[in-house]
1. Being under 19 Å from residue 228 (Cα atoms) and touching a Lys or Arg at 6+ places or on another chain (Cβ under 7 Å) is the filter here, so list the residues in region 32-48 that pass it.
2. Scan 79, 61 and give me the residue that is β-branched (Val, Ile, Thr), surrounded by 23 or more Cβ atoms within 10 Å (Cβ to Cβ) and without any contact (Cβ under 8 Å) to a residue 40 or more places away in the chain.
3. Determine whether region 404-416 contains at least one residue that is modelled with pLDDT of 95 or more, over 29 Å from residue 298 (Cβ atoms), assigned to a loop (DSSP other than H, G, I, E, B) and polar (S, T, N, Q).
4. Return the residues of region 152-172 that are part of a loop (DSSP other than H, G, I, E, B), more than 25 Å from residue 189 (Cα to Cα) and among the aliphatic types (A, V, I, L, M); say none if nothing qualifies.
5. Can you find, within region 9-23, the residue that is surrounded by the most Cβ atoms within 10 Å (Cβ to Cβ) among those that are touching a residue at least 12 places away in the same chain (Cβ under 8 Å) and outside any loop (DSSP other than H, G, I, E, B)?
6. Can you tell me which residue among 534, 463 is out of contact with any Cys (no Cβ under 6 Å at 6 or more places or on another chain), surrounded by fewer than 21 Cβ atoms within 10 Å (Cβ to Cβ) and on the phi < 0 side of the Ramachandran plot?
7. Report every pair of residues separated by at least 6 positions or lying on different chains whose Cβ atoms are under 7 Å apart, first residue within region 182-199 and at positive phi and of a type in the set (S, T, N, Q), second modelled with pLDDT of 95 or more and outside any strand (DSSP E or B).
8. So how many residues does region 360-403 have that are assigned to a loop (DSSP other than H, G, I, E, B), small (Gly, Ala, Ser) and surrounded by fewer than 20 Cβ atoms within 10 Å (Cβ to Cβ)?
Amino acid sequence: MKRTNDRAQLAADQELGIGNVLTSLAGRGTGLDRPALTFDTDVEDHPAWQPLTLHELDQRVAARAAALHALGIAPRDCVAVFVSTGADMVLSYLALARIGAIPALINARVAGATAAEYIRRLRATGVLADEAHRAELAPHGLDTPLLADVADLGKGDPAKAPPVYRHHADEPVVITHSSGTTGLPKAVGHSHHALFASIRHRLTLPKPQGLDRMLAALPTAHAAMVIAVNLALTNRVELAVLSEQSGSGVLQAIERWKPQSVLGFAATWSELAGEDLSQWDLDSISVWWNTGDCAHEAHIRRLVAVGSRRSLTPQGIKRTKGSHFVDGLGSTEMGHSQFFITHTPTTDRYGRCIGRPHAFSTVAVLDDDYEPLGPGEVGQLGINAPTLSLGYWNDSVTTYRTRRNGFFLTGDLVYQDEDGWFYHVDRAVDAVELPDGRKLFSAMSEERVLAACDDIRECTVVAVREGGRVTTTVLLIPVDKADIETDRTAQVLAALEDHVAATVDRIVVVDPELIPLGPTGKVRKVLLRERFLAGERFEAGGSRTGDGAVLAS
C-alpha cells in the first residue's frame, strides 16, 4: 500500500480516534517492523534510545493492559497516572485507552499535596505511580487506591490482554490538565474524535517538511504529547519522547538523536535561546514546532538562525542555512493550536502575531457582551472547533461559564488586523486597566522588552493595583554571560509604550529560581501579584526582602 493512500484511508476511517490508533495500525498488519516510538529510558529489557517498532510497541502496551485488567481496571474507570518518565506516561495512557479506561495524566512536577487534591476531585478509581510519586502522595492522606507500581506493569502477558475496547466518537478517552498557574490545575476531558480532529485534518494534506524524525520536548502529561504520539503513529514516522524539557537536555537529545523537527512549549524555547547555540550540532533541525503559549520574537530569531531548510533559490530547491519556526496559540481546552504562522531567518511579521486560524477552526474576537469586534480592536478570543475538549471533569459550572454564543472563551486577549492576521496581547487575568482607561498588557510588554534587550533571556512584567494606582515591576533574567550590574532602566522604559512605562517603579535582574513557575514552565503571575501586594520585593541579583524598598539594577 502506498504511504499516501495509507494516510488518506486513515483520515477517512471514522472509527479511528485518539483511543485506538495503535491497535488499529497493528491490526492492519502493515509496517509492523518500522521504528515507531523511542524513549530516553529503558522499557523492560529494551534499552533507552533504541526505537520500538510498531509491533514491539503494541506488545508492550498489551502487556500493560493485561496487568491492569488483572488489577480489576475496567472500561470507563478513571485512573490517574502520576509518573516521572515519558515511557511510563505514554505506555500507561495507551494501555488504559486499549481497555477503555480513562487515563488522567498528571504532570510529574505537580506538588504532592496539589496532586492529591486533584486526584480526589477526579473521583478516580485508582492511581498509577512510580516510586518517587508514591512517596510524594504518601503524606497527604489520599483515599484513592494506589495500584501496582508502574515498573511492574510491563510484566503482564500480552496474550492475556482483554479485547480492544471500541471507542465511540464522543466518549471521553483521556483527561489532561491546565497549567495550574492561577490555582489548582483544572481537569480537562478529551473525546475520542476531538483530540484526533487536528490529526485527521493533517492526514488530508500533503505530508509537511520535517515530519520524518520528530523529537517531543513536551510535558509528557499534556494533551500536546497525546497528539504528538498519534500524529507520529498515523504518519508512520519516528518520534522520540523526552522525559524532561530543560534547554540543555533538549540540546543533548538533538545532538544524540538527530531529529528533523522539535516539538515544544515556549518555556523550552526560552531556555534554548539562552544557550550559545553555536556550540551545539543542530544541523539536522529543519523545523521547531511551538504549541501552547505563542513564542517571543527574541527566542524565535535565535532558533531560526540555526539548522537548515529546503528553500527555492535561483538554482532550484536547495538546503539553505536557517530553520523554520511554526508558531501559534493553543491550550489544553482548545485541544490543539488554533492558529499558525511560519517564521524563517527572512520573515519579519512579529509583535506576537499568532498567524491565521487553521481550516478546522472558527474564531472570533468578542467584546464584554460577547459580540464580535472589528479589526484593530482588542477583545476576548472565542473558538469553535472540532478539537475542543468536552469540558472540565466533574465541574460543569466552570465548563458552561466558558461557553458563550457558540464559542469557547479561551481567556486570551487578541486583535485581528485588516489583512486577517491575529495578534495575542495578554491573558485576560494579567491585563490591567489604567486610571485613564487604557490597558496595560503584560505579555505584549514582555515581548517589547525582549526584542529591545539582546542580553536578556526572559522578562516577566507584573502589574498590581493598590487603591487607585497601578505599579509595575519588570523582572529580568539575563543570558548566562551578561553583566548583571548593567543599568538597563533607560533601555527597558524606551521599549515600553509610554502609558506602560509611566507605571514602572522597579526594574530588577533576578535569579530565575525566584520566579514561581507552574508545572509546564509558565510564570505564576497571580502568585507574584499576591506577594508584591503583601510587601515582598526582589532585590537586584536574586534575594528577596519584605521591606518594600524600590530597587533597580
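The values are calculated or read from the model by the stated rules, or taken from the named source; none is laboratory data. Just so we're clear, the structure is a prediction, and the values are computed from it rather than from any experiment. Positions of Cβ are backbone-derived with ideal geometry, glycine not excepted, and every protein chain shown enters the neighbour counts.
1. Selection gives 34 alone.
2. Of the residues listed, the single one that is β-branched (Val, Ile, Thr), surrounded by 23 or more Cβ atoms within 10 Å (Cβ to Cβ) and without any contact (Cβ under 8 Å) to a residue 40 or more places away in the chain is 61.
3. No, the conditions are met nowhere in region 404-416.
4. Within region 152-172, 161 is the sole residue that qualifies.
5. If we take residues in region 9-23 being touching a residue at least 12 places away in the same chain (Cβ under 8 Å) and outside any loop (DSSP other than H, G, I, E, B), then 22 is surrounded by the most Cβ atoms within 10 Å (Cβ to Cβ).
6. Result: 534 is the single residue among 534, 463 that is out of contact with any Cys (no Cβ under 6 Å at 6 or more places or on another chain), surrounded by fewer than 21 Cβ atoms within 10 Å (Cβ to Cβ) and on the phi < 0 side of the Ramachandran plot.
7. Within 7 Å, no pair qualifies.
8. 2
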